[in-house]
Amino acid sequence: VPDPDLGQLSPPGVTLADVGGLTEVKKRLNQSFLMPMRNPELRATFSKSLRGGLLLWGPPGCGKTFIARAVAGELGASFYEVGLADVLDMYIGSSERNLRSVFETARRNRPCVLFFDELDALGQKRSHLRGAGAMRGVVNQILAELDGASTENEGVFVLAATNHPWDIDSALLRPGRFDRTLLVLPPDREAREAIFALHLQGRPSERIDLGRLAKATEGFSGADVALVCEQATESAMENSMASGFVRPITQSQVLEAAGQVRPS
Ligand code: ATP
């Protein structure tokens, strides 16, 4: 498990404004997470506790990690991403120790968004591979860390993500744990337009009809759209190299790239 030193986990330079589309997700994030975080007095008035974490779920490449980074950016918090599968160790007790040190690192770097990817790695299905008993210890350790005295976790915001919510150990989903869930769906046409705009922004390009690109990329995830933009950019750079001056990205280059990328 990587154990970054202080200062290495600086706040990401992205905010929710950088997330394309997903209007409902952003609204709920604001309402149930960011607004209470930012307003301790209002929280006290309504006796709203900050215990537990937030679970983002949905298909791959649709922005779960990106959203978690944006949450850190919004809160001016450091961002610590941990793949849960990496925490698991075959030796008895090692996984628990790894988890403890992950939480300690997060606390040392607070305010910190601690982001667990692959929360399902602790689920029933995987436990068959490792022995149910061993996995139970790890789940209990994460629960103990989450439940930690509220002052201990002050300033540590725990987010998690999964592509397989049905595999998650149900103990992790009970109230006070990962009890708030947000479904992050593939981008609709409007969202794809926004994602194209974001990923082409700041790059030399001709007038590009974003609506047409969005229409041509039905079924593409956010990551697919990002890849299309990268490929179009590479073509434009190649042309620029060949001609000796900057040739902007063209609409047809983006459409061509879209034809080459297979929607995941
Ligand atoms: P996985 O489940 O595979 O970890 P994920 O849902 O966490 O996938 P991300 O890693 O967040 O997906 O997305 C991959 C990349 O796709 C991001 O770095 C970003 O460039 C782009 N992307 C995805 N969704 C969006 C979005 N809504 N707005 C802007 N960019 C996006």
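So here's what we get for this one:
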item	result
Fraction of accessible area attributable to carbon and sulfur, the chain (%, probe 1.4 Å)	52
Exposed trypsin sites (Lys or Arg not before Pro) absent - longest run of the chain, DSSP non-H/G/I/E/B, at most 16 other C-beta within 10 Å	52-206
Options Gln201, Gly259, Gly176, ranked by Cα towards positive dipole end of the stretch 127-264, top entry (Cβ charges)	Gly259
Range in the chain, longest, excluding exposed GluC sites (Glu not before Pro) [loop by DSSP; at most 14 other beta-carbon atoms within 10 Å]	1-151
DSSP loop chymotrypsin sites (Phe, Trp or Tyr not before Pro) with at most 13 other Cβ within 10 Å excluded, longest remaining stretch of the chain	92-244
Computed label-point distance, nm, for sites Ser101 and Asp89 using a 7 Å Cα→Cβ extension	0.6
Principal-axis tilt of helix 189-200 within the chain, Cα atoms, nearest 10 degrees	80
14 Å beta-carbon shell around Thr233, net charge (K/R +1, D/E -1)	-3
With Cα atoms, 0 to 90° folded angle of helix 222-243 axis to the chain main axis	40
Residue-averaged 222 nm ellipticity for the chain, from DSSP H runs of 4+ at -39500 (n - 2.57), nearest 500	-13500 deg cm²/dmol
Chain lengthening between Arg207 and Asn30 when straightened (0.36 nm per residue, less Cα-Cα)	60.3 nm
On Cα atoms only, tilt of 64-75 relative to the major axis of the chain in degrees	80
Anisotropy class of the stretch 67-117 from Cα gyration tensor, a/c 1.5 cut	oblate
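The values are calculated or read from the model by the stated rules, or taken from the named source; none is laboratory data. Note that the coordinates shown come from a computational prediction; the quantities given were computed from them, not determined experimentally. All Cβ positions, even for glycine, are placed from backbone atoms using ideal geometry, and neighbour counts span all protein chains on display. For the accessible areas, the whole protein counts, side chains as well, though only heavy atoms, and no ligand, DNA or RNA atoms are used. Shrake-Rupley method; radii C 1.70, N 1.55, O 1.52, S 1.80 Å.
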